[in-house]
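Student: My structure is below; once you've seen it, I'll send some questions.
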Amino acid sequence: MMYEDRKPSGVVVKEAALNSPLVLLGENRFEEVRYEGTFYTANSVEYPTTANGAIGIVFGYQRLVHKTDSTRFVTRCYLATWRHNYYPYTTCTANQYENCNYGATTGLQIKLVSIDSTSSPNNRREILWWSTYNEDASKGITTRLLYQDPNRAVWQLNTAYRWRLFHHPSTGRIRMSIHTVAKEGAVAEVTTVVDTGDIFDKGISGGQIGVYSFAQWNTTFSNVAVRCLEPENHAALFDGAAARISLGNLQGMGITRSFQFSAWIKISEAPASSYPVICTNKQTNSQTICISINS
């Protein structure tokens, strides 16, 4: 069970019971976004806590209705999940340990998750628990691992961690950092626990955001804040002479069907003959397709 409390300093969310995977989502959808907050898992004599679960965040959450069956839908999102310790699944053998695809490994992971409503509850649970999962269309579930912390840094009980996420669907850039803050009087010492660096993936163009917990109770998410950002994908500036961008071929860009493009063009005067906007390379038969501005 999760509950939410809104305070002047931000939203506070707490998981008050041990459960299977839980996600609490905000109502609004975001594209370019900065998303940050603090999570803290308490352990005390009164409320003893084990650290076998996972905590994290969700962003780019989408629920898409199937185009031919309105009762069927697909849930897609980016999931950032962080574990305190390695926890093997029943199908792992002892000598597989960290390399077992079916185990839940330590360290921050970011993955793209897709779950079809036709999949079974057990399969949905497993896809979130396992470190990696091979695509299995027959089960209606897929994941794609985008990042694994090479240092496998873990979170500790009774420690507050501040996360900060930047998601720019316009360029596909994702970056997440987690750090602790220790105060000595008026001086704050910030220690970075993990920084993913820039990750690029354009699988999801934005969506809802939220917090995530899997079998890890007594965790509080506080000071949760969101800020909309400007798109990073700005127009290209050409000199009107030799400047150009080579896009490669359609196969290299992953285009297998019809597509469209758009361009905003500012010219000082009408071209004397033809002003090319986009052209294909000349083929062996010397034929070229060009879209141009003509005088």
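Student: What FRET efficiency comes out for the pair S273/L229, r = Cβ-Cβ distance, R0 = 35 Å, nearest 0.05? Don't skip to the end; give the middle numbers.
Tutor: Working: r = 42 Å, r/R0 = 1.20.
Working from the Cβ atoms, E equals 0.25.
Student: Still on this structure, please answer the following. Mind checking the alpha-carbon convex hull of the stretch 151-242 and giving the volume per residue in Å³? Before the final figure, lay out each step's value.
Tutor: Working: hull volume 18.7 nm³, N = 92.
Looking at the stretch 151-242, the number lands at 204 Å³ per residue.
Student: While we're here: Over the stretch 159-219, what percent of the accessible surface lies on carbon and sulfur atoms, probe 1.4 Å? Show your work: numbers first, answer last.
Tutor: On the way: 1280 of 2560 Å².
Here carbon and sulfur together make up 50 percent of the probe-accessible area.
Student: Moving on. If r is the Cβ-Cβ distance from T71 to R257 and R0 is 41 Å, what FRET efficiency results, to the nearest 0.05? Each step should come with its number before you reach the end.
Tutor: On the way: r = 27 Å, r/R0 = 0.65.
Efficiency for this residue pair is about 0.95.
Student: Oh, and also: Where in the stretch 241-272 are there trypsin sites (Lys or Arg not before Pro) that are in a DSSP coil and have at most 10 other Cβ atoms within 10 angstrom of their Cβ? Let's see the in-between values first.
Tutor: Values: sites: R244, R257, K266; in loops: R244, R257, K266.
Passing both the DSSP loop test and the Cβ count: R257, K266.
Student: Spelling out what I want: for every residue of the stretch 36-43, take phi, set θ = phi - 60°, compute 6.51 cos²θ - 1.76 cosθ + 1.60 (Karplus), and round to whole Hz; glycine and proline get x.
Tutor: Working through the residues one at a time gives 9, x, 10, 10, 8, 10, 8, 9 Hz.
Student: Another one. In the stretch 141-238, what chymotrypsin sites (Phe, Trp or Tyr not before Pro) fall in a loop by DSSP, with at most 12 other Cβ atoms inside 10 Å? Present the calculation step by step, with values, prior to reporting the outcome.
Tutor: Details: sites: Y147, W155, Y161, W163, F166, F200, Y212, F214, W217, F221, F238; in loops: W155, W217, F238.
The qualifying sites are F238.
Student: Modelled label-to-label distance, N28 and I245, 7 Å Cα→beta-carbon offset: nm?
Tutor: 2.9 nm
The values are calculated or read from the model by the stated rules, or taken from the named source; none is laboratory data. These numbers were taken from a predicted model, which means no experiment stands behind them. For neighbour counting, all protein chains shown are included, and Cβ atoms are generated from backbone atoms with ideal geometry for every residue, glycine included. The area values use the complete protein model at the heavy-atom level, side chains included, leaving out ligands, DNA and RNA. Shrake-Rupley method; radii C 1.70, N 1.55, O 1.52, S 1.80 Å.
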